[in-house]
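The values are calculated or read from the model by the stated rules, or taken from the named source; none is laboratory data. Just so it is clear, the structure is predicted and the values come from calculations on it, not from any experiment. Neighbour counts are summed over all protein chains in view; Cβ atoms, including those assigned to glycine, are modelled from backbone coordinates with ideal geometry.
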Amino acid sequence: MLTEKTITDLLADVLVPGIQRNLADMNLLQGVELAGNNLKITVASTALDENAQNWILEKCTGVVKDLDGSLQTEIAFIEKRPAEINHVGNVIAVMSGKGGVGKSLVAALTAILLRSHGFNVGILDADITGPSIPRMFGLTARPRGSESGILPVPSARGIEIISINLFLPDEEDAVIWRGPLIGRAITQFWEDVLWGKLDFMVVDLPPGTADAPLTALQVLPVNGIIIVFTPQDLTTMIVKKAVKMANQMDKKVLGVVENMSYLYVPELKKNVEIFGKSRGEEMAKAIGAPLLARIPLDPGLAALCDEGHIERYSSDVLKSLGDGLLKNFPGNA
């Protein structure tokens, strides 16, 4: 017997152009009503231009026709804002007390490992004046959308990404904005982008504790923070500043990651701590949060980032990071 659930399940597999996730994953399928021989399908037009809407109409009509050619089908598009559509399970912010410590690298690796576990993952690049996420993932396509919203750009393995660099004519163009404009851009990336259903959103925060990270932590429902640092003398002071900001904002620190921790020298078969003795365990103990990973200076990883192929990276570092993170989200994803 033909039921609304049967039709809903089949329509859920219709892909959304430009994002290559289905209507169900993007939360665009709003209703299926079957009354006798009459069928009404309601789809949100959020972030869909005319061509995308026509594509979805054609595909939905085809699915119904293949199922039962006698049905009288109406497909209605309704307007909704992305904020009404989106459902993000967990928001993890990656933070550092200063720039240049590899915060964006850790954000990218976090998203990759979560994706490797089968989760739907997005990256919101909130580092408006220093965006590097698109380059790491080899993204050059401009985001698509309509007046009602913006579609993120998917990576090769299906991580959805939004970054100011994807909107610039040239990725090397400088974004010379004051604080309020930067804050507004971060807010728009959260409210005006169609993320659909995500298990995890990873937010690459700007460095420091000023306007931009403050806006992100106030606007976004962050329920976990990863703090990144390097093994240098000023580490303790800088990390504690970031931790105090997280505590004042009532955000949980999931753990710390020490980047540039060591260089493995194959000829010597040993790790060389180029920037001084590791402070990972010391720092984790000082702030009462686990050490999630020690990331080495890895020429191979650096090359993958430069080439836009970071998703090809595989190492025990990812496993360590993943094991530590997923313990903090039992059943929440």
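Of K103, K59, K98, K80, all but one fail to be more than 29 Å from L220 (Cβ to Cβ) and among the basic types (K, R); the exception is K59. Set side by side, the residues G89, G36 differ, and just one is without any contact (Cβ under 8 Å) to a residue 24 or more places away in the chain and farther than 18 Å from G149 by Cβ, which is G36. Which members of region 49-62 meet the condition of being surrounded by 15 or more Cβ atoms within 10 Å (Cβ to Cβ) and of a type in the set (D, E, K, R)? Passing the criteria: D49, K59. Looking at region 185-217, which of its residues are of a type outside the set (A, V, I, L, M) and at pLDDT below 95? The answer is P206, P207, G208, T209, D211, P213, T215.
Every residue, every condition in (1) in a strand (DSSP E or B); (2) buried (at least 16 other Cβ atoms within 10 Å of the Cβ); (3) not small (G, A, S), yes or no:
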{"site": "A47", "(1), (2), (3)": "no, yes, no"}
{"site": "V64", "(1), (2), (3)": "no, yes, yes"}
{"site": "S70", "(1), (2), (3)": "no, no, no"}
{"site": "G99", "(1), (2), (3)": "no, no, no"}
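When residues of region 68-86 are filtered for being aliphatic (A, V, I, L, M) and either more than 18 Å from L194 (Cβ to Cβ) or without any contact (Cβ under 8 Å) to a residue 24 or more places away in the chain (or both), how many remain?
Of all residues in region 68-86, those aliphatic (A, V, I, L, M) come to 71, 75-76, 78, 83, 85.
Pick out the ones that are also either more than 18 Å from L194 (Cβ to Cβ) or without any contact (Cβ under 8 Å) to a residue 24 or more places away in the chain (or both) and you get 71, 75-76.
Matching residues across region 68-86 total 3.
Among residues of region 178-197 that are in contact (Cβ under 8 Å) with a residue 60 or more places away in the chain, those with a Cβ under 6 angstrom from a residue that is of a type in the set (S, T, N, Q), sequence gap 6+ or separate chain, pair up as I186/T215; L194/T46; W195/N86; G196/N27; K197/N27.
Search region 153-174 for residues being hydrophobic (A, V, I, L, M, F, W, C) and surrounded by fewer than 16 Cβ atoms within 10 Å (Cβ to Cβ), and hand back the single one that is modelled with the lowest pLDDT. Among them, the one singled out is A174.
Evaluate region 265-279: report whether one residue or more is crowded, with 20+ Cβ neighbours inside 10 Å and either under 30 Å from G183 (Cβ atoms) or in the same structural domain as G100 (by TED's automatic domain parsing) (or both). Before you say what the answer is, go through the steps one by one.
Start the filter on region 265-279 by keeping residues that are crowded, with 20+ Cβ neighbours inside 10 Å, which leaves 279.
Narrowing further to those that are either under 30 Å from G183 (Cβ atoms) or in the same structural domain as G100 (by TED's automatic domain parsing) (or both): 279.
Yes.
Does P152 fit the bill of being in contact (Cβ under 8 Å) with a residue 40 or more places away in the chain and more than 18 Å from L214 (Cα to Cα)? Spell out the reasoning first.
Numbers: in contact (Cβ under 8 Å) with a residue 40 or more places away in the chain: yes; more than 18 Å from L214 (Cα to Cα): yes.
So P152 passes the test.
Among the residues of region 320-328, is there at least one that is in the same structural domain as Q218 (by TED's automatic domain parsing) and in contact with an Asp or Glu (Cβ under 7 Å, 6 or more places away or on another chain)? For region 320-328, residues in the same structural domain as Q218 (by TED's automatic domain parsing) and in contact with an Asp or Glu (Cβ under 7 Å, 6 or more places away or on another chain): absent.
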